[in-house]
1. Return, ordered by residue number, the residues of segment B:55-81 whose backbone nitrogen is under 19 Å from a label point located 7 Å along Cα→Cβ of B:ARG152.
2. In square angstrom and rounded to 100, what buried accessible area do you get between chains A and B, total over both, with the probe at 1.4 Å?
3. Write down Rg/Rh for chain A, rounded to two decimals, with Rg from the C-alpha atoms and Rh from the Kirkwood relation over Cα pairs.
4. Determine the alpha carbon to alpha carbon distance for each of B:LYS308/B:LYS340; B:LYS405/B:LYS444; B:LYS171/B:LYS409; B:LYS366/B:LYS432 and list only those over 25 Å.
5. With no solvent and one equal point scatterer per Cα, compute the Debye intensity ratio I(q)/I(0) for the protein assembly as shown at 0.07, 0.08, 0.09 Å⁻¹ and report its log10, rounded to two decimals.
6. How do A:508-514, B:478-484, B:221-227 rank on mean C-beta neighbours within 10 Å, highest first?
7. Beyond 30 Å, how much of the Cα-Cα pair distribution for chain B remains, as a whole percent?
8. Ignoring ligands, DNA and RNA, what percent of the 1.4 Å accessible area of segment B:373-503 is carbon and sulfur?
Amino acid sequence: MQTATAEHAHVATGHGHHGHDGRHDHHEETFLTKYIFSQDHKMISKQFLITGIFWGVVGGLLSILFRIQLAFPNETFPILETFLGKWAEGGKISNEFYYALVTMHGTILVFFVLTGGLSGTFSNLLIPYQIGARDMASGFINMLSYWFFFTASVILFLSFFIQTGPASGGWTAYPPLNGLRDTGVNLGSGLGFDLWALAMTFFIVASLIGSLNYIATVLNQRTKGMTMLRMPLTIWAFLFTAVIGVLSFPALLAGVVLLEFDRLLDTSFYLNNIVINGQLLGYKGGSPILFQHLFWFLGHPEVYIIIIPAMGIVSEVLAVHSRKPIFGYTAMVLSILAILVLSFIVWAHHMFVTGLNPNLGAVFTLFTLLIAIPSAIKVFNWIGTLWKGKIRLSTPALFAIGFVSMFITGGLTGIALGNSAIDIQLHDTYFVVAHFHVVMGVSAFFGMFAGVYHWFPRLYGRMMNETLGQIHFYATLIGAYCIFFPMHFMTGLPRRYYTYANFDTFNNFNHLAVFITVAAIIVFLAQFLFIVNFFYSIFKGRKLEGEYNNPWGGTTLEWTAPVERLHGNWPGDLPVVHRWPYDYSVNGREYIPQTEPMKPGEVAHG
Amino acid sequence: MVAFLSFVVVVLLMVVLVLVARASEITSELKDKFDYFNQSRLNGYLLMVFLILMFVGSAYSFKELMPVMLPKAASIHGIQTDFLFNITMLIIGIVFVLTQVALFYFAYRYNESQGHEAYFYTHNNTLEVIWTVIPSLVLTGLIAMGMFEWFRIFNSEARAADKMVIEVTGKQFNWILRYPGKDNNFGNRVFDVDHISPTNELGIDWEDKNSHDDFMADKIVLVKNKPVLMKLGALDVLHSFYLPHFRVKMDCVPGIPTEFYFTPTMTTVEMQQYLSTQPWWQTNHPETGEPRWKSFKYELACAELCGKSHYGMQKEVLVVEQAEYDEWQSKQVAMYETVKSTLAEKPGKVEVLEASLAAKPSLELKGATEVGIESQLVAFINDDQRAVDKTTWFSFDRLTFETGKAVIKAESKEQLDNMVSILKTYSNVELKVGGYTDNVGDAKANLKLSNERAKAVVAALVAEGIDAKRLVAEGYGQDHPVADNKTDEGKAKSKRIDICVTKK
């Protein structure tokens, strides 16, 4: 690895001075254009990441608050009233606020952290770097994408501070609970939901223009020699993620807009024969189920929007740190493609017990369980990559391994849930909560952490602290299993309950709720190890030495750019690609960068 | 204090961790490089320890938590879906163990400290085919079994002719349970303003003779081994009809009927007897102090978020033998019997409207006088000529507080109860409650007191079931005297609580 600097020498030689590219002229950058309204993909990536971290803390904190209620339904905590005021009168979180907490926790984590924070960060950072482009196809649209995301964030955050509180009808926003604005069916369905809908609209715009940019960049901006099949799996993942986003987010936008029509203009897209306090309201002919179809037409692909980037990151990190090619590159690409296609025809498995036509339920069972096949292929290939590797168990590698473990655990329970006959009982119970938190919540976080620890040197030219990173890993891995593994036994316990005191049937797990809450608090606190490490390392982390530095010995193009983050990424000409990205431990070499020409007689892979 | 101390401890702990980590980093910097090699060795061992811990933890969870889970299914299809669930869990349990072992063992076995070179191995098509085909076959089996059961549950052609039918309608936050009575036929429901009213939320058409023996009950009573068709619906928002012990769940959707057909297989007593043989159920219930199985009951719950009291939609479900059911049914009073006096001779549309008006719980205002707030308020609400404005206020005349405090005296109860009746009858009406004082004492303190008193009145009304959203409280202090503050009589008049109708 000490040879990294030397190996890059040839990249820099022979290019003469800068400036074939007009964008590369050194115009004066102000603080505003460099750090705030930046059009540079690297800065936008950091903006997404730091906004994501902020939301991660907020979303996590909300979960701690409602976990406290679940574990100690009969206790009071005066400190809660100090901070939350009327939402925790007498030191006890009110039921209305409890539902606001779970609603906002879901919205924030799914969209603002694991979509914006994860895909936004790494698509922005890696797409131009790894395909050898100076920047995104449109830097300006890329900047807009972040600022739409930022606006969405501000609106959503403000909704916490209004009189009636934030949306509280579930992150899935089902009408009629969320569709009746002024009837008093739900406190959070007033202004709080309008702000939620507005924030989501901005978010969807951000996601759409961002995704179009990613697709355009990957398809058009690849450097010489970077054929599609020479792209690292990260890029495949980001490309497919963007495609899913472009095709599915509009459905949610339509769904939410029609919902606001019902709310504000008294239309009846989703409402029919509503009776409140014995008064028949004037809505006729709508269907609440229509909204669910529109919502889940995005909602299900959304979980793949979250998990596929993590899969890409993990594939790359595992290969680099195992010093071994990813096992079955083509199978990996094809399996993401299969997931992409299938992700659009499984949405109604969220609706098995809505009164759906049983024939439709059967079809969706079939496709849902089929999606286990490409997922299984990916898992076997990751394990195959570790096999006979020379694995450096650094923090990124540990998180990547943790990802695979979590993805297995969470993915397998999907086989039970996806089977409609079994789902009748499991639907909307803690078994579901356990399943999706493990498979797309914790897993995606592990993928994100693997990515941050791995590419931090690319982002900031410094290393993160390994020791702290590894403590963070073990605390999170053990803690996350402690939180979610026991939930698999709560197969009959309905989710979204403020307390179980009204039922004899559901009072058997009270001791376990305390255990889970304690574990959740520990895991939440452990994340501050990451945050401290992250911000500390930005300023004080171990510096990468030399002009070029490739700390993990990666073959991909981002490590051929100088440590200093230049606008335009490479000082001279763009690098030229001669081989696939997984030449590790081959031909007597530890690794061969993609920029190195093939020697006579060498066999091309991939 | 405890919270603060734990916070301090946590912060200190984190500071220590950061310092330790920083120290190790500095050491490695002195050595010029982070010692990944030895760290990989350590992490290899730690991952193996984790793997073992994970299996020990899983095994312990099974031992501790399996007995606490729901008891065996009490319906024909539930036994089948439980079987399917168990098979699936068994298969995925095996895969879980194999893959986790492979993952963590490889991470340990092939970490860089083991002194070997990585093996350049890009792909193996045979392997890929194997691990595509095997999962596909297993999944095909699971899908086939699942679909077979799924279609059996929802096969509407194979339903018994002598099934029971019960109609369950969800509303915030309760279940309305309607039984068809002896004729086993429900009266029609009509969704229009002529039929739906606070006393007839379901919109039952009383002219339909079938409705005359329909009855409501506060629990679901089923007959062992007798199929039952649950006809499900909702009035306001989505609910979900969930019978955990019978493995039954189906959403209740406003405007769209849904249903679920199943057959209970164990009476409540039989389930109790079965549970009396289970170790965990023999332990004592913390509240009753008796063995848990004795207080076992089947329950109905809501499984779709339906608002702030979603968690409170509980009803008991009782499974009995046919004879016991017949006896229970014979004791139920048909709804029609309780409402027919208000319907009797009013067939026309106008009359029906009048009937619905008359059906409003007649206002029984205790001790109200003609000049009292009750009469004034009702007159105002009923008078279409008088619009809602900000200047029309009515004063409470029988509402008193403890001196200098915002505590309502018990003697005020009658008038407050009257207000509650009025608000319940006129469910559209919204009020602003204003508090006022005389000019004795500090103006700021007066303002505060008037505010608190207004709030106390609102709280008293809310406590009686009035939606807090219909009420606003505000204190106005001493700024709006209604009489001369120089006389004691005037002062007494100025100390008051007024109301203003903001919507009617």
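The values are calculated or read from the model by the stated rules, or taken from the named source; none is laboratory data. Here the structure is a predicted model, which means the values were calculated and not measured. As a convention, Cβ positions derive from the backbone with ideal geometry for all residues, glycine included, and neighbour counts pool all protein chains shown. For accessibility, only protein heavy atoms count, side chains too; no ligands or nucleic acids. Shrake-Rupley method; radii C 1.70, N 1.55, O 1.52, S 1.80 Å.
1. Those under the cut-off are B:72-81.
2. On the way: alone 23790 and 31090 Å², together 43630 Å².
Counting protein atoms only, the buried area is about 11200 Å².
3. Working: Rg = 24.6 Å, Rh = 25.1 Å.
That ratio equals 0.98.
4. Values: B:LYS308/B:LYS340 35 Å; B:LYS405/B:LYS444 15 Å; B:LYS171/B:LYS409 36 Å; B:LYS366/B:LYS432 23 Å.
Beyond 25 Å between Cα atoms: B:LYS308/B:LYS340; B:LYS171/B:LYS409.
5. Log10 of I(q)/I(0), two decimals: -0.73, -0.92, -1.11.
6. Details: A:508-514: 17.6, B:478-484: 14.9, B:221-227: 19.3.
Packing proxy ranking, top to bottom: B:221-227, A:508-514, B:478-484.
7. Details: 88650 of 126756 pairs.
Every Cα pair in chain B considered, those over 30 Å come to 70 percent.
8. Numbers: 3420 of 6880 Å².
Here it works out to 50 percent.
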